[in-house]
Amino acid sequence: MRSEDYLPRLARIEDIAIETPTEKTFTLRLGEDDPGLHFNPGQFVEISVLGSGEAPFGLASDPAEHHAFQMTVRRYPSGVVTVPLHRMNVGDYLGMRGPLGNGFPLADCTGRDILIIAGGLGLPTLRAAIFYMLARRHQYGEITLLYGARTPQDRLYKETLREWTAAPDINCLQTVDVADESWDGNVGYVSALLEQLRLQGDNTSVFMCGPMVMIRPLTSILVDMGVAETSMYVNMEAHMKCGIGKCGHCLVKSKYVCTDGPVFTYDQVREMQAYHEAGH
Ligand SMILES: Cc1cc2nc3c(=O)[nH]c(=O)nc-3n(C[C@H](O)[C@H](O)[C@H](O)COP(=O)(O)OP(=O)(O)OC[C@H]3O[C@@H](n4cnc5c(N)ncnc54)[C@H](O)[C@@H]3O)c2cc1C
Ligand code: FES
């Protein structure tokens, strides 16, 4: 086991961007003598707020940047970690362990069309995956992002979404459950956007992150479009403590979400969900 997996390193808060009323994006910088953070999109870090506790957060920034990284954090009412984290300021220090987990198999999907589907707070690690692929644009076929949020104001990274919508090298489609006067885009579920696409199912890899109530119906549509369950990758959430396969908190069936995942193929996710729902 690498020392960075269990020994927290100090990271300084360099910037805080308010995304929505409950979500902030923190840019953290490591010291110059730190070896840097070398991560695969889909991996996460364990962040400790000194005196409060530790929690896992997905890495949301460009993986080409090694000394600064971003994570987007939703504040939960009475959250032991997220409430004090949201009160912190630029210049404050946090502890960081990682990168942890496996990440998306982006290097194995070259030559294929890529469909990215994010719901709400599912966008952060997929944003890192998009940065990675856009930096190697010639290695991939069509790249499409479908992003669904509850309302226009609940969307993360509004500026980045504007840039991707205008960019020729990614097809970025957004939808909201409930529109307001600022919104003249799509209204409805992500599944309605998916049904409008013409996919070459057997040459498409799908990367997803979002609530299971969104993912499950999408996978049925994708199967009907000819995408194999083994070509659909889901970034899963689970209750975690150690993040390094030691405490057993995240064990589902025979898999540790923290070390075997958090990215699994959909056939694996389906088995794990069935096991969980059977009351194990
Ligand atoms: C691999 C992984 C990646 C993650 N990435 C992110 C990320 O990028 N951004 C992010 O904001 N969160 C992410 N999470 C979730 C995040 O770790 C939790 O929200 C966080 O641990 C909550 O900590 P807390 O101590 O503030 O809340 P707690 O004190 O543990 O809980 C406070 C209250 O909030 C509820 N709550 C806590 N977490 C959740 C949740 N996830 N969903 C619904 N209710 C919850 C609890 O049930 C409780 O009622 C990730 C989790 C995992 C496992
Ligand atoms: S969080 Fe401890 S084993 Fe996965």
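The table below gives the values:
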{"quantity": "Exclusive hit being more than 22 Å from Asp62 (Cβ to Cβ) and free of Cβ contacts under 8 Å to residues at least 60 places away in the same chain, set Thr175, Thr110, Thr160, Thr144", "calculated": "Thr175"}
{"quantity": "Of all residues making up region 154-164, the number that are part of a helix (DSSP H, G or I) and either of a type in the set (Gly, Ala, Ser) or touching a strand residue (DSSP E or B) at 6+ places or on another chain (Cβ under 6 Å) (or both)", "calculated": "2"}
{"quantity": "Condition broken by Ile47, with the remaining ones in (1) within 12 Å of Leu94 (Cα to Cα); (2) hydrophobic (A, V, I, L, M, F, W, C); (3) more than 16 Å from ligand 2 (Cβ to nearest atom) satisfied", "calculated": "(3)"}
{"quantity": "Wholly within region 8-67, strands (runs of 3 or more DSSP E) carrying at least 2 residues that are surrounded by 14 or more Cβ atoms within 10 Å (Cβ to Cβ) and more than 15 Å from ligand 1 (Cβ to nearest atom)", "calculated": "9-20, 23-30"}
{"quantity": "Output for region 104-123, where each listed residue is assigned to a helix (DSSP H, G or I) and either in contact with a helix residue (DSSP H, G or I) (Cβ under 6 Å, 6 or more places away or on another chain) or not charged (D, E, K, R) (or both)", "calculated": "Leu106, Ala107, Cys109, Gly120, Leu121, Gly122, Leu123"}
{"quantity": "Residue that is nearest to ligand 1 (Cβ to nearest atom) [pool: residues in region 185-244 that are open to solvent by 30 Å² or more (accessible area, probe 1.4 Å) and among the β-branched types (Val, Ile, Thr)]", "calculated": "Val213"}
{"quantity": "Region 247-280, subset modelled with pLDDT of 90 or more and away from ligand 1 (no atom under 15 Å from the Cβ), residue most open to solvent (accessible area, probe 1.4 Å)", "calculated": "Arg270"}
{"quantity": "Residues being surrounded by 19 or more Cβ atoms within 10 Å (Cβ to Cβ) and assigned to a strand (DSSP E or B) - total across region 81-103", "calculated": "6"}
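The values are calculated or read from the model by the stated rules, or taken from the named source; none is laboratory data. Model, not experiment: these values are computed from the prediction. Don't worry about glycine lacking a Cβ; one is built from the backbone with ideal geometry, like all the others, and counts go over all protein chains shown. Accessible surface areas use protein heavy atoms only, side chains included; no ligands, DNA or RNA. Shrake-Rupley method; radii C 1.70, N 1.55, O 1.52, S 1.80 Å.
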